[in-house]
Amino acid sequence: MTGFQITRQLLRMRRDWNRRARENARHYVETGKQEWTDEDFFRSGQITLEEEIFNDLENVCQGRDPKQMKVLEIGCGAGRVTRAFAGYFGEVYAVDISPEMVRHARQAVAGFPNAHVIRNNGKDLSAVVPKWWGKIGLGRKVEFDFAFSVIVFQHIPSREIIENYVREVHRVLRPGALFKFQVQGAPVESDKDHSWVGEWFTERQAQEMADRCGFELRHQYGAGDQYYWLWYFKR
């Protein structure tokens, strides 16, 4: 994919996710329901916290106090998981390509001063950690202790964009920290809405991406499924 094609794809992704956010943000973030109450929507984020963090503390926290950890969420949508993270971790940074989704997420975490929701360009983390910070001695101030993404990369129809995100997470994580995320693990029949159906990965491709980006793939679950979980540890 050329740079021009990536730019076009990013513009389409932003446009489509803005439209979805205006139509029904919570449904498009979590399609299990058409209409979500505040209680049910944020409870679903708490369930994600319990299932993917509480059940995996050895890998996620590695003995650290969660209240002393700085964590990153990619593709926060309407703030479903961001809000749950803000109640557990010390500091949370969340990014999304859609200004409309960012608006919803900021409302969701309005009572959490430790949560920061940032609109990014959809392909890197320069809006959170400019690449030049580390060059002037500020790198230590922007290292994250954990990064997470759920039901996001399944909607990115470009391996180049997904891998660039992975490489960017490597840039901002502390050594040894975990990036836990999902990718599409099986081919899905596409349609005209190309910002909904994303690229898929085989086990070999997931391993090769980890190697290229400086990660160690220690665990994986769900290969061949829509929800293919990967545990990438920064070398």
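The convex hull drawn around the Cα atoms of the stretch 83-235, when projected onto a plane and averaged over every direction, covers 9.5 nm².
Between the beta carbons of GLU35 and GLN107, assuming R0 = 22 Å, the FRET efficiency works out to 0.80 to the nearest 0.05. The label-point distance for ILE6 and ARG212, in a model that sets each label 7 Å from Cα toward Cβ, rounds to 1.1 nm.
The H on the amide N of SER98, modeled in the peptide plane, is under 5 Å from the matching H of no residue at least 5 residues off or on a different chain.
For GLU35, the shell of other residues with beta-carbons less than 14 Å away shows a net charge of -3, using +1 for Lys and Arg and -1 for Asp and Glu.
Label separation (GLN205 vs ARG43): 3.7 nm, computed from points 7 Å beyond Cα along the C-beta direction. Looking only at ARG26, ARG15, ARG83, which one moves most when the chain is put into a Gaussian network model with springs between Cα atoms under 10 Å? Residue with maximal mean-square fluctuation among ARG26, ARG15, ARG83: ARG15. With neighbours defined as other Cβ atoms within 10 Å of a residue's Cβ, the residues PHE42, PHE179 order from fewest to most as PHE42, PHE179. Look at the dipole of the stretch 76-235 built from charges on Cβ: of ASN121, TRP200, PRO187, the Cα furthest out on the positive end belongs to ASN121. Couplings 3J(HN,Hα) for the stretch 10-15, derived from phi with the Karplus relation 6.51 cos²θ - 1.76 cosθ + 1.60 (θ = phi - 60°), are 5, 4, 5, 4, 4, 4 Hz, where x marks Gly and Pro. Residue exposure proxy: HIS170, HIS219, ordered by other Cβ atoms within 10 angstrom of their Cβ from fewest to most, comes out as HIS219, HIS170. Residues ARG80, ARG159, ranked from the fewest to the most other C-beta atoms within 10 Å, line up as ARG159, ARG80. All other residues whose Cβ lies under 13 angstrom from that of PHE85 are scored, Lys and Arg at +1 and Asp and Glu at -1, for a net of 0.
Only the coordinates and a few stated rules stand behind these numbers; no lab work does. Predicted model, so just to flag it, every value in this text is computed and none were measured. For neighbour counting, all protein chains shown are included, and Cβ atoms are generated from backbone atoms with ideal geometry for every residue, glycine included.
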